[in-house]
Amino acid sequence: MGELNLLQNKNEAPLIIFGARNIGEMTYHACKKLGMKVECYADDKIKGSLNGLNIYHTNKLKNRFPKARFLICSANIRDMVERLDQLGYEEWYSCGLVLNGFEAKPEHCKNEIDYAQDYVDYLLNTCIIAHKSFADPNKLIVKCIDLIITEKCSMACVDCSNLMPYFEKPRNYTFEALKDSIDIMCTYFDEISEVRVIGGEPFVNKDFAKIVEMLSVKVKIKRIAIYTNGTIVPSDEKMKSLENEKVFLYITDYDNLSKNLKKLDEKLKEKNIFHYVHKAAGWTDCATIKKHNRTSEQNTNLFKKCCAKNLATISEGKIFRCPFAASAFQLKAIPDNPDDYIDIIRLNENGVNMKNARSTISSYLFEKDYIPACDFCKGRSYGDPEIKPAVQTKKKIPYKNYS
């Protein structure tokens, strides 16, 4: 309560909610209940107003508010702290300070639609867990790790940020190979707030059920989020693996392309499986592989602005900073540069002691200015303009091999 009292009693600088989506709305209502005045919202994408308050782009803040205090309202706390640091702001607080004990309801998220109470609880708990993890520097904890289990997909999106249409001969990754990677990863990490099972389309992997069940029993993994596109209704065996309190199914609605969405939604509701359906949005033009020959300073600036640099991704025993780097490596489209990843299987095989191994992983995940793979990426900033999602292609996308 000490820090909350400090926040409530400081009046010399305006209080700004950083994040104008669901958690930001919940935080506004929690502040209102506590009698705390909020000046406005700040966001890198959302415009307009919310709850009668203006939403300002972060680039516009410094001129309007030379001094300000911020409540960070997103599970991506590391990105947001870095963004505030770039803007010259030092005073920030976790939204958990005001949300602790607040009973968030779907009506506290009026800017979103069709939120059920279990999804509100999921969003809130995920955010608070991420903030607590960030606040403990003595432990090796990550907000999320993307686990690529397949290169196959039931769609062929030209602008896929994971580069799936580039794979000429896409593969499913086997349970055995993935289990080894996860087992080793869980020996090094103290906690993984969420493993995001992705592809491609995860349901096309025949080992899907075994993979999810394996993840579910790992104590250090707190949540498992499955990302699917609504084209496939899984078999009963795969559906059974979803009946776990750790598991959450995140379904993107691509309109007519998500041809089995209604059947999938009905089956999930019938079996009371935790899931959420959302419309496709937020796509940017970032799905090209090209050598840009940038300077170190240019790549550092690109990396600072990147919204994907903390989407740690594990693929065949290697941890990458983002899915683009992982897929570009698997395509052999970029040089095999050891600075692009941490080979945790090799760390384990070489008998590197636990302290040194954890230090190596932590340095890679949290201290890099950029990775060599950045020079082959167009960039993926929070402020990039959105493009039409899920434009389909009938042919595999050709690319130049820079390796």
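Shape descriptor for the stretch 171-311: Rg over Rh equals 1.02 (Cα atoms; Rh from the Kirkwood inverse mean 1/r).
Distant-in-sequence amide contacts of I221, defined by a placed amide H-H separation under 5 Å and a gap of 5 or more residues or a different chain, comprise I192. Whole-Hz Karplus values for the stretch 285-296 come out as 7, 9, 9, 10, 10, 8, 6, 9, 6, 6, 6, 4 Hz, taken residue by residue from phi with 6.51 cos²θ - 1.76 cosθ + 1.60 and θ = phi - 60°; glycine and proline positions read x.
Most tightly packed first, judged by the mean number of other beta-carbon atoms within 10 Å of their residues, the peptides 53-63, 299-309 read 299-309, 53-63. Give me the Kirkwood hydrodynamic radius of the stretch 296-395, using the inverse of the mean 1/r over all pairs of distinct Cα atoms, in Å to one decimal. For the stretch 296-395, inverting the mean 1/r across all distinct Cα pairs yields 14.9 Å.
Fully extended, how many nm does the chain gain between S49 and E316 (0.36 nm per residue separation, minus their Cα-Cα distance)? Value of the extension gain: 91.7 nm.
Of V195, V81, V204, the sequence from fewest to most neighbouring Cβ atoms within 10 angstrom is V81, V204, V195. Size check on the stretch 136-376: the Cα extents along the three principal axes, sorted descending, read 51, 38, 33 Å. For N172, the amide hydrogen comes within under 5 Å of the amide hydrogens of E151, counting only partners 5 or more places away or on other chains and with H modelled in the peptide plane. Seen from a random direction on average, the alpha-carbon convex hull of the chain projects onto 19.8 square nanometres.
Pairs of alpha-carbon atoms within less than 8 angstrom and 6+ residues apart define the contacts here; what relative contact order does the stretch 1-103 have, in percent? Dividing the mean separation by the residue count of the stretch 1-103 yields 31 percent. The peptide list 291-297, 100-106, put in order of mean Cβ contacts within 10 Å with the highest first, becomes 100-106, 291-297.
For the stretch 48-60, the Karplus equation 6.51 cos²θ - 1.76 cosθ + 1.60, evaluated at θ = phi - 60°, returns couplings of x, 9, 8, 6, x, 10, 5, 10, 9, 5, 4, 5, 9 Hz by residue, with Gly and Pro reported as x.
Taking amide H as placed 1.01 Å from N in the peptide plane, L249 has its amide H under 5 Å from the amide H of I226, H275, Y276, each at least 5 places away in sequence or on another chain. Simple point charges give the picture: +1 on the Cβ of Lys and Arg, -1 on the Cβ of Asp and Glu, and for the stretch 92-211 a dipole about the Cα centre of about 180 debye. Comparing T252, T228, T27 in a Gaussian network model of the chain, where Cα atoms under 10 Å apart are tied by springs, the biggest mean-square fluctuation is seen for T252. If you take the Cα centroid of the stretch 130-156 and the Cα centroid of the stretch 163-224, the two points sit 11 Å apart. Against the chain, whose longest principal axis is taken from its Cα atoms, helix 175-188 shows a tilt of about 40°.
Note the angle between two axes, namely the Cα long axis of helix 22-34 and the longest principal axis of the Cα atoms of the chain, as a number of degrees from 0 to 90, rounded to the nearest 10. Relative to the chain, helix 22-34 is tipped by roughly 20 degrees. As a calculated quantity, the FRET efficiency between D85 and A116 at R0 = 45 Å, using C-beta atoms, amounts to about 0.80. Note on R171 and H292: the model spin-label points, each 7 Å out from Cα along the C-beta direction, lie 3.0 nm apart.
Contact order, relative form, for the chain: 15 percent (alpha carbon pairs under 8 Å, 6 or more residues apart, mean separation divided by residue count). Contact order, relative form, for the stretch 136-376: 22 percent (alpha carbon pairs under 8 Å, 6 or more residues apart, mean separation divided by residue count).
Taking every DSSP helix (H) stretch of at least 4 residues in the chain, weighting each as -39,500 (n - 2.57) and dividing the sum by the residue count yields a mean residue ellipticity at 222 nm of -9500 deg cm²/dmol. Kindly express, to the nearest 10 degrees and within the range 0 to 90, the angle between helix 77-87's C-alpha long axis and the longest C-alpha principal axis of the chain. That works out to roughly 60 degrees. In terms of overall dimensions, the stretch 18-97 has a Cα radius of gyration and Dmax of 11.6, 32 angstrom. Between N244 and R64, residue separation times 0.36 nm minus the direct Cα-Cα distance comes to 60.0 nm.
The length gained by stretching the chain between N356 and D253 to full extension, at 0.36 nm per residue less their Cα-Cα distance, is 32.7 nm.
Rule-based calculations on the coordinates, nothing more; no lab input. Every value quoted in this text rests on a predicted model; they were computed, and no experiment measured them. Using ideal geometry, Cβ is built from the backbone for each residue, glycine included, and neighbour counts are taken over all protein chains shown.
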